[in-house]
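Working notes for the structure below.
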C-alpha cells in the first residue's frame with residue numbers, strides 16, 4: 001500500500017510538471033510570434049538584441065524659389081482654421097537640433113460677393129464686377145486638339161513638401177530643380193485634364209527663376225516664343241505656388257476637402273490698368289472677364305476649392321494675350337500630392353469654362 005501511494009504521488013508531480021511545461025511552451029510560442037524569431041534566438045543567447053525600428057525620416061523640402069514679385073500680402077480677413085474629422089492630422093516629431101515653426105492649416109474666404117463667388121478688389125478702380133461677368137470673354141476655343149492653351153511658370157522652381165507634419169524647419173529650402181516636387185508637376189496634371197477634353201496644350205517647363213531678378217523678363221520671352229510657334233494659342237496660364245507667413249513665423253497652408261481628399265486651395269489673380277499707367281495693358285478687362293468665369297465655374301463644381309479672386313493693380317505679363325491668367329496653387333507647406341490633385345481639378349474647371357457643355 002505504501003509503495004502504491006508513493007507511486008501515485010510521484011505520478012501527480014510528473015503530471016503537474018507536464019501541465020506547467022505545456023503552458024510555458026504556449027506562452028513562449030505566442031511571445032515569439034509577437035516579437036519575431038530574432039527575439040526568440042536572443043532569449044536563447046544565440047543572437048544579439050534585436051534593433052528597434054528606425055524612426056521615420058522627416059520629409060525634406062527641396063530648394064525654394066526667390067521671387068521678384070512684391071511680397072504676397074497676408075490676408076487680414078477671411079482666414080479660418082481648416083477642420084476635418086475625416087482626414088488624418090499631422091503626427092511627426094521634429095528632428096533634434098533643428099529649429100521649427102508652426103504650420104497652420106486654414107481655409108481662405110471672404111471678399112466681395114459676385115454671383116456665387118467672392119473677389120478681393122484692391123484696385124479702387126470702381127470696376128463693376130457683376131457687369132463684367134455678363135460680358136463674354138474674348139477667347140473662343142475649338143477643342144479640336146490644336147494647341148490653344150500655353151502653360152508656363154515664371155517661377156518654375158517653386159516647390160512643395162512631401163507630407164504635412166504640422167511644423168516646418170526654419171532652415172528649409174522651398175525651391176527645387178526636381179520638377180516632380182514643384183509647380184511643374186501641377187502643370188502636368190492640369191495639362192492632362194485639359195487634353196482629356198480635347199483642348200490642345202503646350203507645357204513649357206523652362207526654368208525662369210535661376211536668378212532673383214529678371215524672372216518675368218525671361219518668362220516674357222518664353223511667352224513670345226510659344227505664341228510665335230503656336231499662333232492658335234488663345235489662353236496663357238502662368239502657374240505659381242504662393243507663400244504666406246505671419247509675423248509670428250506661422251506658415252499658412254490653405255486647404256480644402258474635395259470628395260474626402262485634401263486639396264490645396266488655388267487663387268486666380270486678375271490684373272488691372274484702369275488709369276492706363278502701364279501703357280501696354282489695354283485688354284485687362286478681357287482677362288478679368290475670363291478670370292471671373294473661371295471663379296464662377298470653380299464655385300459651382302468644387303465649392304471652397306478656390307480662394308477669393310485677387311483683382312489688383314498689377315500686370316505680371318498678363319498683357320500678352322486676351323486670355324492671360326495667373327494662378328497660384330497652395331503654398332510651400334502644401335504637399336505635392338494636394339497640389340497635384342488641385343491641378344487635375346483645376347483642369348476640369350478650366351475645361352468647363354473654356355468649352356462649356358462639352
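The values are calculated or read from the model by the stated rules, or taken from the named source; none is laboratory data. Because the structure is a prediction, the values reported are computed rather than measured. When we count neighbours, we look across all protein chains shown, and the Cβ atoms used for this are built from the backbone with ideal geometry, even at glycine.
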Looking at (1) assigned to a loop (DSSP other than H, G, I, E, B); (2) under 23 Å from the mean Cα position of the chain (by Cα); (3) surrounded by fewer than 16 Cβ atoms within 10 Å (Cβ to Cβ), which one does residue 192 not meet, given that it meets all the others?
(1)
With respect to residue 210, is the statement that it is in a loop (DSSP other than H, G, I, E, B) and touching a helix residue (DSSP H, G or I) at 6+ places or on another chain (Cβ under 7 Å) true?
no
Output yes when any residue across the stretch 338-354 is touching a strand residue (DSSP E or B) at 6+ places or on another chain (Cβ under 6 Å), part of a strand (DSSP E or B) and crowded, with 20+ Cβ neighbours inside 10 Å, and no when none is.
no
With criteria (1) in contact (Cβ under 8 Å) with a residue 24 or more places away in the chain; (2) assigned to a loop (DSSP other than H, G, I, E, B); (3) more than 22 Å from residue 264 (Cα to Cα), residue 286 comes up short on (2)
Scanning for something over 16 Å from the mean Cα position of the chain (by Cα) and within 30 Å of residue 142 (Cβ to Cβ), does the stretch 251-269 turn up at least one residue?
yes
Check the stretch 309-328 and report whether any residue there is in the same structural domain as residue 172 (by TED's automatic domain parsing), part of a helix (DSSP H, G or I), under 12 Å from residue 117 (Cα atoms) and touching a strand residue (DSSP E or B) at 6+ places or on another chain (Cβ under 6 Å).
no
Subset tally (residues that are surrounded by fewer than 24 Cβ atoms within 10 Å (Cβ to Cβ) and closer than 14 Å to residue 337 by Cα) for the stretch 261-288
2
Identify the residue in the stretch 195-207 that is in contact with a strand residue (DSSP E or B) (Cβ under 9 Å, 6 or more places away or on another chain) and assigned to a loop (DSSP other than H, G, I, E, B) and, among all such residues, is nearest to residue 148 (Cα to Cα).
199
If you take just the strands (runs of 3 or more DSSP E) that sit entirely in the stretch 72-164, which of them hold at least 1 residues that are modelled with pLDDT under 90?
79-81
In contact (Cβ under 8 Å) with a residue 24 or more places away in the chain, under 25 Å from residue 105 (Cβ atoms), in contact with a strand residue (DSSP E or B) (Cβ under 7 Å, 6 or more places away or on another chain) and in a helix (DSSP H, G or I): which single residue out of 299, 263 fits that description?
299
